[in-house]
């Protein structure tokens, strides 16, 4: 039964009476009763919004970390758009009707509102623009924002520029800057950096799920070796070597069980992506676009220790979840995205993913949160190399954060672009060969992740 | 001149401590150097910026004043009874409608929820490596709080081990979480060496050597 109601019960400000189209089927009503405060549950998860969201092009600068730098940020943005124009010759700058800028930290940029520098350099004065910042999930959140802009009917052609210039300070200082996104009053001085928080979470997770250091080391080797086919990847441009599980095991201790090669890279890089309506996609780039069929965004505590017993999670998933080990926001946002994309069995219906491998351990934790494996078969799932190129569901064929690099504001955009290349058969053109092309890829998941799992988005991208 | 209306009671700061290292100054933004490549195509500019911040703890102040006094202060919701360290000034339970919580002094006892052994850290912590970091639940709290575990060999840390909270001597406290740390509770003894402990020991040993090389 479908009906229109005037609601003052929802999470929106009470004085704003709004009309929302809701489905009062018994299942939805049950959700309503259980958790009135989850707007996505009662708003039919956006699948009644008719306008499809499409990705029709995108490119990154090479990702690197170096004392000289290789372009200005506005120059890098312009070069990413020029490369996109080569792939999408019909696209014109004049077609853009909104620009979203995806940038994490002013500390790295030493420039407030650096998006203003880029925007007018691109000649776009007069066009609406704003910046989205959401920690490591900045890129994913920018895509979420662009998708909402298109779905709402307000905008048709949205450009996203993401960037970070992390080589403006030393690695150790850079780690400390990133840690300013932890609760500095309670955590900054006692852990100091994110790898330590992640290691504490992973140590228990690995024990609970019977996963070994070698199991996660295989993820670290996989992503770096995938990056060896990607000329823009930082690993390809710097270390430039194939590595083994043994190399990961022998790399220096960062925080047990995480070693140096279990960690992602600190990076300078810029990315650009075009998010449009289906009508525009069909007109401008009919043979090379993919759709965004599911989008989910969820949140968790800033301090990992606070997620023990959090009433919001207990209400949703029962007691002892997400504990300090699982990424509840990943599970919740994936469930939303799957529902929109009508995915019932992600293990079978998703062909590949570009996911947020800040650490090899967190990539494994993400597999579980995405529903690809469970406590009983997690270790075997890793040992069977299901997510390697030869496996049934390759993850991070583009190299991921450990291979391609992690310039925070550009990262989620990079992941989306790699997934877009897979779904439009552009990998042989963008990578060095077809070695990292996922055969017959029809559906991909893009995952972007922040804090200690504090904000996480998931997207389902599909071939047209 | 019209008398300025005051909307809040003026705060009078009578205990003032300044333990900033000598030579740290807020000079403001300054370009302090540059480098140009030999082909004169690329230039890097050196920008220096140093700023003293005032963190106004406001309603969270009892926790930080507690640290100075050698106490762990938490809060408790009078409606649902949940209690927390780190403290929450409003209840997290949505049915409690952001109820104001009450400050309570917590026992100096905790239990390890999870742990790690750090061999690398932020610039300000490098010389203290290796660090055993634990997330521990202070007795009575619903959540875990991170801090260092001292008085133990790094490879001897255990899930669920009982801890006591130990404060720095009063004159050394700065009102930050580093004023306290965890130590094993009285009577706790490390378990015998295992292959995992040997592995951690092997990973940690080079860290001790590396730290010695730091200036």
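Filtering A:187, A:164 for residues that are crowded, with 18+ Cβ neighbours inside 10 Å and within 12 Å of chain B (Cβ to nearest Cβ) leaves a single hit, A:187. Scanning the stretch B:87-103 for residues that are surrounded by fewer than 23 Cβ atoms within 10 Å (Cβ to Cβ) and either at the interface with chain A (Cβ under 7 Å from one of its Cβ atoms) or free of Cβ contacts under 8 Å to residues at least 24 places away in the same chain (or both) returns B:88, B:90, B:92, B:93, B:94, B:95, B:96, B:97, B:98, B:99, B:100.
Does residue A:461 meet the test of being within 13 Å of the chain's Cα centre (by Cα), more than 17 Å from residue A:216 (Cβ to Cβ) and either without any contact (Cβ under 8 Å) to a residue 12 or more places away in the chain or buried (at least 24 other Cβ atoms within 10 Å of the Cβ) (or both)? Considered against the rule, which asks whether it is within 13 Å of the chain's Cα centre (by Cα), more than 17 Å from residue A:216 (Cβ to Cβ) and either without any contact (Cβ under 8 Å) to a residue 12 or more places away in the chain or buried (at least 24 other Cβ atoms within 10 Å of the Cβ) (or both), residue A:461 comes out as yes.
Yes/no matrix, rows are residues, columns are (1) touching a helix residue (DSSP H, G or I) at 6+ places or on another chain (Cβ under 8 Å); (2) modelled with pLDDT under 95; (3) assigned by TED's automatic domain parsing to the domain that holds residue A:450; (4) more than 24 Å from residue A:367 (Cβ to Cβ):
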{"site": "A:140", "(1), (2), (3), (4)": "yes, no, yes, no"}
{"site": "A:145", "(1), (2), (3), (4)": "no, no, yes, yes"}
{"site": "A:170", "(1), (2), (3), (4)": "yes, yes, yes, yes"}
{"site": "A:180", "(1), (2), (3), (4)": "yes, yes, yes, yes"}
{"site": "A:191", "(1), (2), (3), (4)": "yes, yes, yes, yes"}
{"site": "A:194", "(1), (2), (3), (4)": "yes, yes, yes, no"}
{"site": "A:211", "(1), (2), (3), (4)": "yes, no, yes, no"}
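None of B:159, B:180 is under 14 Å from residue B:110 (Cα atoms) and surrounded by fewer than 16 Cβ atoms within 10 Å (Cβ to Cβ) except B:159. Restricting the stretch B:171-182 to residues that are without any contact (Cβ under 8 Å) to a residue 60 or more places away in the chain and more than 12 Å from chain A (Cβ to nearest Cβ) leaves a set whose member that is farthest from residue B:199 (Cα to Cα) is B:171. Among all positions in the stretch B:129-146, there is no residue which is surrounded by fewer than 24 Cβ atoms within 10 Å (Cβ to Cβ) and assigned to a helix (DSSP H, G or I).
Evaluate the following for residue B:168: is it more than 9 Å from chain A (Cβ to nearest Cβ), under 14 Å from the mean Cα position of the chain (by Cα) and modelled with pLDDT of 95 or more? Yes: the conditions hold for residue B:168.
When you go through (1) at pLDDT 95 or above; (2) under 29 Å from residue A:224 (Cβ atoms); (3) within 13 Å of chain B (Cβ to nearest Cβ) one by one for residue A:330, which number turns out not to apply? Status for residue A:330: all satisfied but (3). Restricting attention to the stretch A:260-286, the residues being within 14 Å of chain B (Cβ to nearest Cβ) and without any contact (Cβ under 8 Å) to a residue 24 or more places away in the chain number 1.
Can you tell me which condition residue B:186 does not meet? The list is (1) within 9 Å of chain A (Cβ to nearest Cβ); (2) exposed (fewer than 14 other Cβ atoms within 10 Å of the Cβ); (3) more than 30 Å from residue A:213 (Cα to Cα), and all the others hold. Residue B:186 satisfies all of (1) within 9 Å of chain A (Cβ to nearest Cβ); (2) exposed (fewer than 14 other Cβ atoms within 10 Å of the Cβ); (3) more than 30 Å from residue A:213 (Cα to Cα) except (1).
Among the residues of the stretch B:104-114, just one is at the interface with another protein chain (Cβ under 9 Å from one of its Cβ atoms) and either assigned to a loop (DSSP other than H, G, I, E, B) or crowded, with 24+ Cβ neighbours inside 10 Å (or both), namely B:114. Check the stretch A:233-241 and report whether any residue there is buried (at least 20 other Cβ atoms within 10 Å of the Cβ), away from every other protein chain (no Cβ under 14 Å), touching a helix residue (DSSP H, G or I) at 6+ places or on another chain (Cβ under 7 Å) and assigned to a strand (DSSP E or B). So far as the stretch A:233-241 goes, no, none of its residues is buried (at least 20 other Cβ atoms within 10 Å of the Cβ), away from every other protein chain (no Cβ under 14 Å), touching a helix residue (DSSP H, G or I) at 6+ places or on another chain (Cβ under 7 Å) and assigned to a strand (DSSP E or B). Apart from one condition, residue B:158 fits all of (1) more than 10 Å from chain A (Cβ to nearest Cβ); (2) touching a residue at least 40 places away in the same chain (Cβ under 8 Å); (3) touching a strand residue (DSSP E or B) at 6+ places or on another chain (Cβ under 8 Å); (4) over 18 Å from residue A:201 (Cβ atoms); the exception is (4).
Against the numbered list (1) surrounded by fewer than 19 Cβ atoms within 10 Å (Cβ to Cβ); (2) more than 30 Å from residue B:30 (Cα to Cα); (3) over 20 Å from the mean Cα position of the chain (by Cα); (4) within 12 Å of chain A (Cβ to nearest Cβ), residue B:49 comes up short only at (2). Within the stretch B:132-142, one or more residues are free of Cβ contacts under 8 Å to residues at least 24 places away in the same chain, within 13 Å of chain A (Cβ to nearest Cβ) and touching a strand residue (DSSP E or B) at 6+ places or on another chain (Cβ under 6 Å).
The values are calculated or read from the model by the stated rules, or taken from the named source; none is laboratory data. Being a predicted model, the structure only gives us computed values, none of them experimental. Quick reminder, even Gly has a Cβ in these numbers, built from the backbone with ideal geometry, and neighbours come from all protein chains shown.
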